[in-house]
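Novice: To start, I am sharing the structure in question, which I have written as structure tokens.
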Amino acid sequence: MLDADGVRGWMAGMAKAVDRERDRLTELDAAIGDGDHGISLQRGFTAVEAALSAASAGTPGAVLMLAGRTLVSSVGGASGPLYGSALRAMGKALADSGGADAEQVVAGLAAARDAIAALGGARGGDKTMLDAWIPAVDGFDSAVAAGEALQAAALAAAAAAEGGAEATVPLEARKGRASYLGPRSVGHLDPGAASTVLLFRALADAVQVTGG
């Protein structure tokens, strides 16, 4: 089960990952975007950690909702609203559940994916973070359908996210700032897809620790 402490661990793990990978994310974004992706996410997830440390435990959904609201309010550009909307959508999907099982988690992740698509107007193959989110959710769903527990499903999702991110390299961007470059966007890893990999790795790590 993914409980409130598990979600807190997930967000803390993401904050540490962004701290570690900030410069790489910024370099990726400098090649085809505004060059602030790593810095913006670091600011956002630092604020998330502070907000969660000051709040009561609550439910997994409540923790995700708070994290999402904090990202929207603390991060400018596209990354704050996209990640914030994703986490809020997942929080709403989990509703008042005190602990989410694997099926509930994949439903929440699917809601997050759909929120990103709706806000950004993107779809798979557009060279955006969705190119990592879509295979990650599909990988999670397939693992759950095969009878795998939350831990194994989260590992499958993280691996699928990484594969999806790498697959953005040969794509030409059709959405976001990178789309202004046209064919010159080919050959670059999408920074949003790269940070999505960090998010799913952090989820996998969190559920291993909590015995999900």
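Novice: With label points built 7 Å along Cα→Cβ from the Cα atoms of Ala146 and Asp5, find their separation and express it in nm.
Specialist: 3.1
Novice: Hey, of (1) 61; (2) 48; (3) 38, which did the structure itself give for percent of Cα pairs over 23 Å apart when calculated?
Specialist: Computed from the coordinates, percent of Cα pairs over 23 Å apart corresponds to (3).
Novice: Amide H to amide H under 5 Å from Leu171: which residues, 5+ apart in sequence or cross-chain, H placed 1.01 Å off N in plane?
Specialist: When sequence neighbours closer than 5 places are left aside, the close amide H contacts are Gly187.
Novice: If DNA, RNA and ligands are ignored and the probe is 1.4 Å, what is the ranking of Asp3, Asp23, Asp190 by accessible area, most exposed first?
Specialist: The most accessible residue leads, giving Asp23, Asp3, Asp190.
Novice: I'd like the FRET efficiency for Glu172 and Ala55, computed as 1/(1 + (r/R0)^6) with the beta carbon distance as r and R0 of 41 Å, rounded to 0.05.
Specialist: Efficiency, rounded to the nearest 0.05: 0.45.
Novice: Using the Karplus equation 6.51 cos²θ - 1.76 cosθ + 1.60 (θ = phi - 60°), what ³J(HN,Hα) coupling, rounded to whole Hz, does each residue of the stretch 66-72 give in order, writing x for Gly and Pro?
Specialist: Rounded to whole hertz, the list is 5, 4, x, 4, 5, 5, 4.
Novice: At a Förster distance of 45 Å, what's the computed FRET efficiency of Tyr180 paired with Lys92, Cβ-Cβ distance as r, to 0.05?
Specialist: 0.85
Novice: Tell me the carbon and sulfur percent of the accessible area for the chain, rounded to whole percent, probe radius 1.4 Å.
Specialist: 53
Novice: Using a probe radius of 1.4 Å on heavy atoms only, what accessible surface per residue do you get for the chain? Whole Å² is fine.
Specialist: Per-residue accessible area for the chain comes out at 41 Å².
Novice: In nm, to one decimal, how far is the Glu27 label point from the Gln208 one, both placed 7 Å along Cα→Cβ?
Specialist: 2.5
Novice: Compute the long axis of helix 4-32 from its Cα atoms, compare it with the longest principal axis of the Cα atoms of the chain, and write down the angle in degrees, 0 to 90, nearest 10.
Specialist: Helix 4-32 sits at roughly 0 degrees to that axis.
Novice: Another one. Helix 130-145: angle to the longest alpha-carbon principal axis of the chain, degrees 0 to 90, nearest 10?
Specialist: Once rounded, one gets 30 degrees.
The values are calculated or read from the model by the stated rules, or taken from the named source; none is laboratory data. These figures come from a predicted structure and were not determined experimentally. Cβ sites come from the backbone with ideal geometry, for glycine too, and all protein chains shown count toward neighbours. The protein model used for the area step is the full one, side chains on, heavy atoms only, and it has no ligands, DNA or RNA in it. Shrake-Rupley method; radii C 1.70, N 1.55, O 1.52, S 1.80 Å.
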